[in-house]
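Reading through the structure tokens given below for one structure.
Every number in this text was worked out from the coordinates using simple rules, so none of it is lab data. These numbers come from a predicted model, not from an experiment. Here the Cβ positions follow ideal geometry from the backbone for every residue, glycine too, while neighbour counts run over all protein chains shown.
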Amino acid sequence: MHDIEWFKTFRFPKASPMLGEVKMSVTVIAAGQAHNQVPAECKFTVDIRATDAYTLEEILAIVQQNVSCSIKARSLRLRPSALQMDHPLAKAAKEIGKQLYGSPTTSDQALIPVPSIKMGPGDSARSHTAEEFIYLHEIKNGISSYIQLIQCL
């Protein structure tokens with residue numbers, strides 16, 4: 001219980017200018033077999049949304065220093081990325097009227113070892129939801145936006 005509480009309340013000292021704070025949420029808890037028996041073990045999963053303020057290894061080290069339970073990283077492969085606001089891609093996106101913000105969702109962008117942006121089409125609020133969808137007009141607007149972005153570079 002103490003470790004679960006730590007994940008709920010701990011705040012990492014550094015925050016990313018674009019992506020904000022590292023966020024940790026306990027998402028799965030499994031324990032106990034009967035209402036009148038103290039569980040022999042409790043297993044739980046923590047969803048950690050990393051930012052470019054820390055490496056994944058730094059986050060893992062901080063967690064290990066602060067909890068008594070054993071921990072195992074699911075993966076250290078997908079890394080957060082951020083683009084400086086003075087980068088040509090960011091400037092071009094602003095020039096065509098795009099609102100710039102950090103995305104809390106993971107995508108293949110995490111595997112791209114060069115500066116990049118994640119840009120529509122569609123409504124980001126629908127991403128990773130049940131029955132995710134995109135309207136045809138959003139695809140048409142997306143094509144137009146990509147053309148405008150390339151022309152600004």
>> Restricting to DSSP H runs of at least four residues, report the calculated mean residue ellipticity at 222 nm for the chain, -39500 (n - 2.57) per run over all residues, nearest 500 deg cm²/dmol.
In response: -8500 deg cm²/dmol
>> Along the Cα→Cβ direction, 7 angstrom out, place labels at His128 and Gln109. What is the inter-label distance in nm?
In response: 1.2 nm
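Highest first, please rank the peptides 118-126, 49-57 by the mean number of other Cβ atoms sitting within 10 Å of their residues.
Values: 118-126: 13.4, 49-57: 17.1.
The packing order, highest mean first, is 49-57, 118-126.
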>> So if I take the alpha carbon set of the chain, get Rg, then get Rh from the Kirkwood formula, what is the Rg over Rh ratio?
In response: 1.07
> Given a cut-off of under 8 Å on Cα pairs at least six residues apart, what relative contact order in percent is computed for segment 1-63?
Replying inline: 31 percent
>> Given contacts defined as C-alpha pairs under 8 Å and at least six residues apart, what's the relative contact order of segment 9-144, whole-number percent?
In response: 18 percent
> Over the Cα atoms of segment 3-79, how large are the radius of gyration and the largest Cα-Cα distance (Dmax), in Å?
Replying inline: 14.4, 49
> In terms of modelled amide H atoms, which long-range or inter-chain residues lie less than 5 Å from the amide H of Val46?
Replying inline: Thr27
> Cα to Cα, under 12 Å, and not fewer than 8 places away if on the same chain: which aspartates and glutamates meet these conditions relative to Lys8?
Replying inline: Asp47
